[in-house]
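To start, the structure under review is shown below, and the notes come after it.
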Amino acid sequence: MPSGDEAKYPGYKTLINDMKAKHPNYIFLVYYTGMDWNEVINTEYQGHGTSPLNLFQVGAKYNGMWQCPICGTKKYDNGSWCCASKESLAYMMDPRNSINDSDVFQFKDLEGSDVSYDDIARAVSGYGSYLNNQEAIQAIVDASVQYNVNGYFLVAKIVNEHGKNGSTLSNGQGYNGKYAGVYNYFNIGSFGNGTATIINNGLSYAQSKGWTSIRASIFGGAEVVKESYITRYSQNTLYYQKFNVSGKSPLASHQYQQNIMAAQTQGSSLKTYYGESINTGNYTFIIPILQYVSAIYCKKSTFIRERHQ
């Protein structure tokens, strides 16, 4: 970043330079969005009472200040998610909070196939049989090559949707006597309030696409992510897929999921899959620059301390 940008975009340059010093093999690209920070947050903070754009899963660690004061305790999705507060949205969305060793992989460029069968097999070795099997592993490798997308990213996306051991949408056993032999590994089309609605919508979509094998579902989902997100709207990082500030479509539109922590969680998985190669690989990270952000921003330690009060 040019030297004068520190005053206009406080904090970015120092954080990026600190990461470069720790990881000389990392390549950082900055993308000047031209977007006003307050407009971005206000636009993203929508959908209250119907379908909020940002949800968090209620638990011991996530309550209190995470909770939207407009929606309160109202539950969404499968009944375990609440609308996120503007404060938690700002914390998760401010790129400066994630330019660190723990969270930076949510900014990694997802284009390019750089993993082998053995790499994917190692990455999924701790997961359930829905993912840790030869058909799924080979399909991920082949889809990575076919669509020129990162194979570890495909794994992270699947695990974020279905967890360690899979779900009704990924086990091929159907639901309520319907959809036997249908798979939806990326949860494409799985939306609505209530578990039954979400599962039925997801399996109905998968059936309409002919995803009647693990391979077909992984290839189909990978194609949707590549063509509808990475290629069409330049959402080529996990951050852009959750918080669409790429400038290729209207603010707060065309976002992959409502989970406010999706980019951070999947980025952490991505980093773990790379293992020791994070110290030697030449990885490219794309950092979005937003205008008029405050010089004082919510540090991670502050947020963790205050969120329980």
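The values are calculated or read from the model by the stated rules, or taken from the named source; none is laboratory data. This one's a predicted model, so the numbers in the text were calculated from it and none came from an experiment. We place every Cβ from the backbone using ideal geometry, glycine too, and count neighbours over all the protein chains shown. Heavy atoms of the whole protein, side chains included, go into the accessibility calculation; ligands, DNA and RNA do not. Shrake-Rupley method; radii C 1.70, N 1.55, O 1.52, S 1.80 Å.
Please go through segment 49-72 and pick out each residue that is surrounded by 15 or more Cβ atoms within 10 Å (Cβ to Cβ), in contact with a strand residue (DSSP E or B) (Cβ under 8 Å, 6 or more places away or on another chain) and not hydroxyl-bearing (Ser, Thr, Tyr).
Within segment 49-72, PRO52, ASN54, LEU55, PHE56, GLN57, VAL58, TRP66, GLN67, CYS68, CYS71 meet the criteria.
Between a residue in segment 26-55 that is more than 16 Å from LYS248 (Cβ to Cβ) and any residue that is open to solvent by 70 Å² or more (accessible area, probe 1.4 Å) and in a loop (DSSP other than H, G, I, E, B), which pairs come within a Cβ distance under 7 Å, given they are 6 or more apart or on different chains?
ILE27/ASN282; ASP36/TYR292; TRP37/TYR292; ASN38/TYR292; HIS48/ILE70; LEU53/GLN46
Within segment 152-162, does at least one residue satisfy the condition of being modelled with pLDDT of 95 or more, in a loop (DSSP other than H, G, I, E, B) and closer than 22 Å to LYS108 by Cα?
no
Looking at GLY166, GLY181, GLY128, GLY192, can you tell me which residue is at pLDDT below 95 and assigned to a loop (DSSP other than H, G, I, E, B)?
Exactly one residue qualifies, and that residue is GLY192.
What about VAL145, is it under 19 Å from the mean Cα position of the chain (by Cα) and part of a helix (DSSP H, G or I)?
Considered against the rule, which asks whether it is under 19 Å from the mean Cα position of the chain (by Cα) and part of a helix (DSSP H, G or I), VAL145 comes out as no.
Mind checking which residues of segment 109-125 are over 16 Å from ASN236 (Cβ atoms), under 19 Å from the mean Cα position of the chain (by Cα) and not in a helix (DSSP H, G or I)?
Matches in segment 109-125: VAL124 only.
Mind checking which pairs have a first residue in segment 129-153 that is open to solvent by 10 Å² or more (accessible area, probe 1.4 Å) and a second that is part of a helix (DSSP H, G or I) and of a type in the set (Lys, Arg), Cβ under 7 Å, 6 or more apart or different chains?
Every condition considered, the pairs that remain are GLU135/ARG215; TYR147/LYS226.
Scanning for something open to solvent by 10 Å² or more (accessible area, probe 1.4 Å) and without any contact (Cβ under 8 Å) to a residue 40 or more places away in the chain, does segment 99-113 turn up at least one residue?
For segment 99-113, residues open to solvent by 10 Å² or more (accessible area, probe 1.4 Å) and without any contact (Cβ under 8 Å) to a residue 40 or more places away in the chain: present.
What are the residues in segment 73-82 that are among the polar types (S, T, N, Q), open to solvent by 40 Å² or more (accessible area, probe 1.4 Å) and without any contact (Cβ under 8 Å) to a residue 60 or more places away in the chain, if any?
Across segment 73-82, the qualifying residue is only THR73.
Name the residues in segment 158-182 that are open to solvent by less than 40 Å² (accessible area, probe 1.4 Å), over 11 Å from ILE199 (Cα atoms) and touching a residue at least 24 places away in the same chain (Cβ under 8 Å), would you?
Passing the criteria: ILE158, VAL159, HIS162, GLY166, GLY172, GLY181, VAL182.
Could you run through segment 102-129 and say how many residues are of a type outside the set (Val, Ile, Thr) and within 21 Å of TYR31 (Cβ to Cβ)?
Here the count works out to 9.
Select from segment 235-266 the residues that are open to solvent by 40 Å² or more (accessible area, probe 1.4 Å) and either under 8 Å from the mean Cα position of the chain (by Cα) or of a type in the set (Gly, Ala, Ser) (or both) and list them in ascending order.
Result: GLY247, GLN264, THR265.
Scan segment 85-95 and give yes if some residue there is on the phi < 0 side of the Ramachandran plot, crowded, with 22+ Cβ neighbours inside 10 Å and without any contact (Cβ under 8 Å) to a residue 60 or more places away in the chain, otherwise no.
Yes; the residues of segment 85-95 include at least one that is on the phi < 0 side of the Ramachandran plot, crowded, with 22+ Cβ neighbours inside 10 Å and without any contact (Cβ under 8 Å) to a residue 60 or more places away in the chain.
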